[in-house]
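One structure below.
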Amino acid sequence: MSETKKIDANSLYALLLREVENDSVQELDSKLYNNIAEFLGNLKNQDYDGVESKIKDSLVKMITDMTSLLLKIRIEKAVGSEEIDYSNLLDEERFILDSEDELRQRKETILSATLNGRLKLLETVAKNHRSRAIVVRFLKPIDQIVGTDLQTYGPFEAEDVATLPFENARALITKKVAVKISWED
């Protein structure tokens, strides 16, 4: 689908229906998710009162649900096939599937190392995982902390972003002082 088309509830429903009725991943406009994001953004920015506000909220929910279902179905089709056919997948969907590939590779590495008695590899993987850094956004102010790497970090205010050792970041996330973010966010 080379032409870029504005999205609305009816056209999104038609795309969803076509996807559900076919076993293979269907070809879609490469800008579909951008168009949906633009449509929802514009819709959410409209200021209505009373019944019109309820209609707008229902429309936002309907578009959100259809988009979620469309993405879920397309990813399940791609993952469920013997060999993933990337040809009809959109870039955003390929981004998701890249993590699926990495997950599969990591499982194979750990299983192979375990079954083949490769202790050094298992120790290295565990050590590297524990010593990696995580990017977090602070939800609350926090005083200076000493990281597991014995470096000092902070103090931080709400909305500050920092890269912290894994163990420290995990503790702050668990306490709901910070949330993990990725560069894509």
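Every number in this text was worked out from the coordinates using simple rules, so none of it is lab data. Owing to the predicted nature of the structure, the values given are computational and were not obtained by experimental measurement. Cβ atoms come from the backbone with ideal geometry, glycine included; neighbour counts cover every protein chain shown.
Quick notes on this one:
- Per DSSP, loop trypsin sites (Lys or Arg not before Pro) in the stretch 127-179 with at most 15 further Cβ within 10 Å: R132, K175, K176
- Neighbourhood charge, 12 Å Cβ-Cβ cut-off, centred on E108 and excluding it, Lys, Arg +1 and Asp, Glu -1: +1
- Extending 7 Å from Cα along the Cβ direction at V20 and again at N128 yields two label points whose distance is 4.4 nm.
- Volume in Å³ per residue [convex hull over Cα atoms, computed for the stretch 103-185]: 101
- Loop-resident sites, the stretch 1-108, for chymotrypsin sites (Phe, Trp or Tyr not before Pro), counting at most 14 other Cβ within 10 Å (DSSP): Y48
- Fraction in percent of alpha-carbon pairs per bin - 5 Å, the chain: 1, 6, 11, 12, 10, 11, 13, 13, 11, 7, 4, 1, 0, 0
- J(HN,Hα) series, the stretch 173-178, from Karplus relation 6.51 cos²θ - 1.76 cosθ + 1.60, nearest Hz, glycine and proline x: 5, 4, 7, 6, 8, 8
- Mean projected area (nm²) of the alpha-carbon convex hull when the stretch 4-44 is viewed from all directions: 2.9
- Evaluating 6.51 cos²θ - 1.76 cosθ + 1.60 at θ = phi - 60° for every residue in the stretch 96-102, the Karplus couplings come out as 5, 5, 4, 5, 5, 4, 4 Hz, glycine and proline recorded as x.
- Around the amide H of I134, modelled in the peptide plane, lie the amide H atoms of L164, F166, all under 5 Å away and 5 or more residues distant in sequence or on another chain.
- At 0.692 mPa s and 37 °C, Stokes D of the stretch 1-95 from Kirkwood alpha-carbon radius, µm² per second: 229
- Cross-link reach list, lysines versus K61, counting only Cα pairs under 30 Å and skipping chain neighbours closer than eight places: K5, K6, K31, K44, K72, K77, K176, K180
- Percentage, to the nearest whole number, of Cα pairs in the stretch 72-137 over 18 Å apart: 55
- When the GluC sites (Glu not before Pro) in the stretch 100-180 are filtered for DSSP coil states and for at most 11 other beta-carbon atoms within 10 Å of their beta-carbon, the remaining sites are E157, E159.
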